[in-house]
1. So Val232 fits all but one of (1) surrounded by 17 or more Cβ atoms within 10 Å (Cβ to Cβ); (2) at pLDDT 90 or above; what number is the exception?
2. Can you find a residue that is among the hydroxyl-bearing types (Ser, Thr, Tyr), exposed (fewer than 10 other Cβ atoms within 10 Å of the Cβ) and free of Cβ contacts under 8 Å to residues at least 40 places away in the same chain anywhere in segment 197-215?
3. Do we find that Thr203 is modelled with pLDDT of 90 or more, of a type in the set (Ser, Thr, Tyr) and at negative phi in this structure?
4. For segment 231-250, which residues satisfy the criterion of being more than 19 Å from Ala186 (Cβ to Cβ) and not in a helix (DSSP H, G or I)?
5. Any idea which of (1) of a type in the set (A, V, I, L, M, F, W, C); (2) surrounded by 14 or more Cβ atoms within 10 Å (Cβ to Cβ); (3) at pLDDT 80 or above is the one Ala12 doesn't satisfy?
6. Could you say whether any residue in segment 136-156 is assigned to a helix (DSSP H, G or I), surrounded by 14 or more Cβ atoms within 10 Å (Cβ to Cβ) and within 60 Å of the chain's Cα centre (by Cα)?
7. Just checking, does segment 133-143 include any residue being of a type outside the set (S, T, N, Q) and within 30 Å of Gly201 (Cβ to Cβ)?
8. Test Ala227 against the stated conditions and say whether it is modelled with pLDDT of 90 or more, surrounded by fewer than 16 Cβ atoms within 10 Å (Cβ to Cβ) and small (Gly, Ala, Ser).
Amino acid sequence: MAWILKVFISFAFTFALVGIATAARAPDKEISAAASLNTPAALQAQAREVELAVLKTQLEESRRFQDQILNTVWWALGSLATTAALLVGYGWYTSNRVHEHDKIALRQDLQADARESELKLKAMVDKGHEDAKSLVEKAVVQRTDGIQKSLRIELAVVNSELCTVQMKLKEAEREKWIQRGVSVNALSTSVELLEVALKAGRTYDVSGAIDALSTDLSTIEAEQKAAPEDTVDSYLVGEGVSALNHVKDNHAPVAQELKRRMLALRTGG
């Protein structure tokens, strides 16, 4: 915009100089024409008057030319000011539009970046939540498995100790019935002793219970030979056979023999 103003001012100044030179040459031509029509000796007074009139005319022309120059300058300055104002306004308008467009574009870019950052942050939070949840679940499972394993061990120990106590009680009860001579009750206690031994899962307990059951069977078999009218309750025989069916491994042959002997007892009731 600055170079346009400089060119416009240079053009106006050149135009003014050309006008001044043209106006200055015009009066000189008129004076030359007037002098050629009069002689210097006879018309000195007339020459002075003519010269004075020419000078006055030249002065008036100069004033009029100066007024034209001033009008031209003011017009040029007004045009220049108007053009400058228009250029400044247009520049401001264009700059404002570009600025608004840049603001809109920047706002859109910022909103897009914000949305992208929000999505990334949400994805990170979700992933962190899932990882934390997975770790917590894994820790809970591990902890639960550890607790369950510990509880199973403790429960097994408790069951083992409980079975030991039950077996001691059954052994004491069996000895009591043997001392009283009630062999059927002693056999029933031996069957219960075998059930507890199988529940405990200890081989030596099963072996002891089988020995006690065999001993009580031998006692009843001898009593039934001596007193054929003596019988054993069929429910007791069924319980004994059921318990012997659960005996496995090395004690299985002995259990089969004991089952045969129990089924051979005379039953009643």
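The values are calculated or read from the model by the stated rules, or taken from the named source; none is laboratory data. Everything numeric here is computed off the predicted structure, so don't read it as measured data. Methodologically, a virtual Cβ is constructed for each residue, glycine included, from the backbone with ideal geometry; neighbour enumeration extends over all protein chains shown.
1. So the condition that Val232 fails would be (2).
2. Checked against the condition, which is being among the hydroxyl-bearing types (Ser, Thr, Tyr), exposed (fewer than 10 other Cβ atoms within 10 Å of the Cβ) and free of Cβ contacts under 8 Å to residues at least 40 places away in the same chain, segment 197-215 yields at least one hit.
3. Against the criterion (modelled with pLDDT of 90 or more, of a type in the set (Ser, Thr, Tyr) and at negative phi), Thr203 does not qualify.
4. His246, Val247, Lys248
5. (3)
6. No; the residues of segment 136-156 include none that is assigned to a helix (DSSP H, G or I), surrounded by 14 or more Cβ atoms within 10 Å (Cβ to Cβ) and within 60 Å of the chain's Cα centre (by Cα).
7. Yes, the conditions are met somewhere in segment 133-143.
8. When the stated conditions are applied, Ala227 does not pass them.
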